[in-house]
């Protein structure tokens with residue numbers, strides 16, 4: 001059974017979640033995404049994109065659907081995962097006061113789902129003030145702490161020094177290492193999604209991806225790839241993935257290990273956690289291909305090459 | 001020609017301080033024409049004298065300011081609580097004190113199900129009051145071939161059988177704080193919070209929630225539940241008011257034998273294009289038995305579920321602070337919109353930090369758009385202190401306190417959630433009155449049983465289920481409590497000009513009692529027997545069910 005990847009978009013009221021979701025729905029690049037939102041009213045889908053509207057679900061001409069959460073996220077999500085055919089990706093807009101890690105727990109427990117990341121939006125203009133608010137300060141801080149990456153929105157509205165101060169505050173006071181700046185919800189799809197490598201040995205996808213990388217750079221990101229015809233040592237690989245540089249946003253690709261002969265693993269890593277889905281498949285060429293996407297300036301390529309090579313089986 | 005009926009009673013408690021008691025009440029056109037002695041009420045001319053109540057005590061129809069139509073739906077499932085509870089048909093379901101008894105009741109119900117796939121659902125289970133912890137293997141004795149699950153009274157946890165666990169994909173290795181384990185580390189079949197609910201719904205379907213809105217039958221049963229308790233005006237204090245629900249309300253409240261005046265409160269944060277305009281359009285459907293116009297908002301969760309927002313020093317057992325269900329700035333925005341449009345907003349706050357946020361929101365909208373007599377009402381408001389009550393009084397707000405909590409969860413609040421000091425001033429009716437806040441008290445049915453006389457007993461005696469008196473200084477007199485469940489509650493609904501006392505011009509709505517609540521011992525207030533009600537002059541006798 002393919003597990004449906006689930007992305008959670010968190011962040012306090014007014015942090016820019018809706019803008020981001022709008023972009024996702026429009027730029028889904030052929031993926032049939034189901035987006036669960038708190039309020040249709042805010043989403044503002046172009047009328048010419050809408051092909052159907054039934055109850056709490058709007059269907060779009062690009063194959064995506066948009067569902068309103070209503071009073072119960074749990075019921076809305078159950079409805080979406082039971083759809084036939086199931087969506088290729090689910091995105092949940094967490095309510096402005098939700099603790100996103102609680103929603104993530106659902107993806108962790110349901111064998112039909114796979115957590116594809118908790119992305120928390122933070123309004124560059126307001127987040128620091130909100131984090132000190134007497135009523136909602138703790139809620140805002142919990143949300144930020146739960147993030148696999150923080151999408152710092154509205155950065156065009158703050159001065160450079162203020163931005164630097166925000167980065168330092170998020171890193172030091174909140175303890176978040178992965179921060180991506182965004183304006184009007186613009187974030188490369190490679191950062192938002194990790195579904196390029198669903199099928200083992202899909203060479204075409206890899207090529208497509210290479211092309212993408214270049215485009216994705218933006219000047220905020222850098223990518224690095226590891227390719228090998230050997231196999232990893234499972235234990236060493238685990239240690240390595242648990243200790244990647246703090247700026248790594250995502251890692252994805254396929255790999256083989258000595259411990260799982262005859263199987264190809266699909267790696268999905270976001271922020272601090274990762275998982276490998278195994279499929280029985282003969283080794284392709286190359287046997288391993290992994291791509292890391294990181295905040296620019298955080299990857300020491302030489303050191304990475306050395307560390308990944310060391311994780312190969314003897 | 002209009003007829004006048006004079007009801008004779010052993011005693012009439014009018015709740016009108018100008019004429020506190022009487023023996024006769026004359027009714028014409030569904031309204032009260034006169035109150036007093038037979039001579040006095042006959043001054044209006046010829047009347048038929050009805051002696052049905054000659055040995056009964058009449059009070060104004062009781063008013064439940066905070067309950068939910070869900071009370072009419074829970075009885076589709078099996079009651080598994082530890083207190084005796086009466087269903088809308090008048091049958092008393094005995095409280096069950098052991099797991100074996102609960103399993104027995106469920107097994108009996110299971111035997112009556114025809115559809116082999118149909119889930120068997122229990123409700124009202126309270127783990128604090130049974131002999132041991134319920135586990136999946138207990139419910140396996142009910143069935144291993146269909147889903148069996150039981151909602152805890154707190155609604156936070158659900159016990160399921162192995163069939164559900166298996167379908168949900170829960171295995172021995174499943175590790176989550178939402179899937180509970182016993183001391184030995186074994187999975188118990190208790191699924192917690194929204195994660196537990198997700199696993200349950202995904203594996204067995206969302207059951208009763210699959211149908212949007214409320215059916216006519218559930219509204220009728222809700223009204224029956226109210227009637228059984230002597231209630232003639234009842235709220236449904238948080239409803240999205242989808243079209244099917246509105247249709248059900250309009251349909252059943254027009255039926256001659258519908259026994260209550262129903263006041264639904266629209267969930268203020270429910271998604272729709274123009275919430276204020278929608279509510280305004282609903283008010284055009286208003287009748288003498290259906291009154292749209294209330295709004296409900298929810299600030300935080302529950303204290304016993306540790307989701308209420310507390311001020312310092314937080315939860316007594318050190319649990320982290322609870323959750324904002326609606327963030328304070330959103331409360332302010334939505335409240336502001338309805339406030340400006342002239343609607344009355346009922347705001348759920350359990351923890352004292354949530355109460356603080358609600359008070360600040362009311363203050364802000366009052367400064368921005370001052371509006372006399374708005375009567376926005378804080379609902380539950382269980383942890384408010386005197387300073388907060390004083391601010392509420394100054395701002396023109398009302399409060400509806402959750403007195404039943406003292407009995408059902410008072411012991412848990414004392415030892416677990418709030419600690420002694422704050423538990424002793426929870427649901428502080430006396431403080432609220434001293435500070436000049438108009439007060440009502442409520443059941444939040446089906447969270448606790450619908451029964452204003454029981455709620456009054458709680459406010460008067462403040463006894464927990466273990467017998468502890470929780471804060472004697474917050475006890476109120478019987479008269480004050482009877483006021484709270486009649487005129488007091490009516491005031492919080494802006495209905496005190498029409499109901500809540502037996503006075504000329506008001507609706508002829510009465511609670512018909514076998515005993516006089518002002519003469520029984522205060523400790524026996526909850527045992528006062530309800531014979532039935534009168535609504536707009538029509539008699540509704542409660543079904544007599546043999547125990």
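Any read-out appearing in this document is the output of simple, stated calculations on the displayed coordinates, not a laboratory observation. Computed from a prediction, not measured in an experiment: that's the story for all the values here. Here the Cβ positions follow ideal geometry from the backbone for every residue, glycine too, while neighbour counts run over all protein chains shown.
Computed values, structure above
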| item | result |
| --- | --- |
| Expected-Rg normalisation [2.2 N^0.38 Å, Cα atoms] applied to region B:14-135 | 1.71 |
| Enclosed volume per residue, in Å³, of the convex hull spanned by Cα atoms of region A:214-314 | 95 |
| Choice from A:56, A:68, A:116 showing the highest fluctuation, given a GNM over chain A with Cα pairs closer than 10 Å | A:56 |
| Rough spin-label spacing in nm, given labels placed 7 Å along Cα→Cβ, for residue B:257 and residue B:133 | 4.9 |
| Partner chain coverage, peptide A:97-104 - average Cβ within 10 angstrom | 3 |
| Computed [θ] at 222 nm, helices only, for the protein assembly as shown once each DSSP H run of length n ≥ 4 contributes -39500 (n - 2.57) | -8000 deg cm²/dmol |
| Region B:86-146 shape via C-alpha gyration tensor axes, a/c threshold 1.5 | oblate |
| Pairs of Cα atoms farther than 45 Å apart, chain B, % | 14 |
| Rg/Rh for region A:31-70, where both radii come from Cα atoms and Rh is the Kirkwood radius | 0.91 |
| Peptides ranked, highest mean first, by Cβ atoms within 10 Å: ranges B:37-48, B:251-262 | B:251-262, B:37-48 |
| Cα pair distances in the protein assembly as shown, grouped into 20 Å bins until the bin that holds the longest one, percent each | 14, 42, 31, 11, 2, 0 |
| Nearest 10 degrees, 0 to 90: helix B:452-461 Cα axis against chain B principal axis | 80 |
| Calculated diffusion of region A:47-190, Stokes-Einstein form, Kirkwood radius summed over Cα pairs, 25 °C and 0.890 mPa s, µm²/s | 144 |
| Mean Cβ count within 10 Å, highest first, over the residues of peptides B:448-457, A:303-312, B:141-150 | B:448-457, B:141-150, A:303-312 |
| Packing-based ranking, highest mean first, of B:305-316, B:348-359, B:151-162 given that Cβ atoms within 10 Å are counted | B:348-359, B:151-162, B:305-316 |
| Taking only Cα atoms of region B:317-396, radius of gyration then Dmax in Å | 12.6, 43 |
| Rel. contact order, % - alpha carbon contacts under 8 angstrom, at least six apart, region B:263-420 | 21 |
| Å³ per residue enclosed by the Cα convex hull of chain A | 137 |
| Calculated FRET efficiency for the pair residue A:313/residue B:242, C-beta based, R₀ 60 Å, to 0.05 | 0.50 |
| Between helix B:99-111 and chain B: long-axis angle, C-alpha atoms, 0 to 90°, nearest 10 | 80 |
| Radius of gyration and Dmax over the Cα atoms of region B:15-78, both given in Å | 17.2, 53 |
| Pairwise FRET efficiency - residue A:273 versus residue A:160, Cβ, R0 = 35 Å, nearest 0.05 | 0.60 |
| Value of Rg to Rh for region A:1-109 (Rh from inverse mean 1/r over Cα pairs, i.e. Kirkwood) | 0.93 |
| Once the Cα gyration tensor of region B:351-395 is diagonalised, semi-axes √(5λ) in Å | 18, 10, 9 |
| Cα-based Kirkwood hydrodynamic radius, region B:375-504, one decimal, Å | 14.5 |
| Using alpha-carbon coordinates, inclination of helix B:328-340 to the longest axis of chain B, degrees | 30 |
| Residue B:182/residue B:101 FRET efficiency (R0 25 Å; Cβ-Cβ; nearest 0.05) | 0.75 |
| Average beta carbon contacts from partner chains per residue of B:356-362, 10 Å cutoff | 1 |
| Estimated Rh, region B:496-547: Kirkwood, alpha-carbon pairs, angstrom | 12.6 |
| Shielding score for B:321-334, defined as the mean number of other chain Cβ atoms within 10 Å | 4 |
| Distance between modelled label sites at residue B:145 and residue B:286, nm, 7 Å Cα→Cβ extension | 5.5 |
| Relative contact order (percent, whole number), region B:427-547, Cα cutoff 8 Å, 6+ residue spacing | 21 |
| Gyration tensor over alpha-carbon atoms, region B:262-384, equivalent ellipsoid semi-axes in Å | 28, 15, 12 |
| Computed over chain B: relative contact order in percent, which uses C-alpha pairs under 8 Å that are six or more apart | 17 |
